[in-house]
């Protein structure tokens, strides 16, 4: 079973190296990924940290959920699988049938 954590409410200047050092206090860290906005490369304020085991994952949650980092309270919990996107949204611009104005005669 995967031992991946969601880490939210991060200060925007947090680096992957700083997170790795912090979470190593709870055990072995397999990977760290700070999520960034495409184009600007600015942090979105959350990351994913993968630990070696479920036991280390639980230890990291108990140690760092609510932990204060640069005056921000971290939110640390098990990562959920990414939800599927697409298919259910209407096309861009919405339903134009009842708007009028764009009709050709």
Residues 72, 42, sorted so that the one with the fewest Cβ neighbours within 10 Å comes first: 42, 72
Simple label model, 7 Å out from Cα along Cβ direction - residue 42 to residue 58, nm: 4.0
Region 4-71: Rg to Rh, with Rh as the Kirkwood radius over Cα pairs: 0.96
Contour minus Cα-Cα distance for residue 79 and residue 24 (0.36 nm per residue): 18.0 nm
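No lab work stands behind these numbers, since they all come straight from the coordinates. Keep in mind it's a predicted model, so treat the numbers as computed, not measured. When we count neighbours, we look across all protein chains shown, and the Cβ atoms used for this are built from the backbone with ideal geometry, even at glycine.
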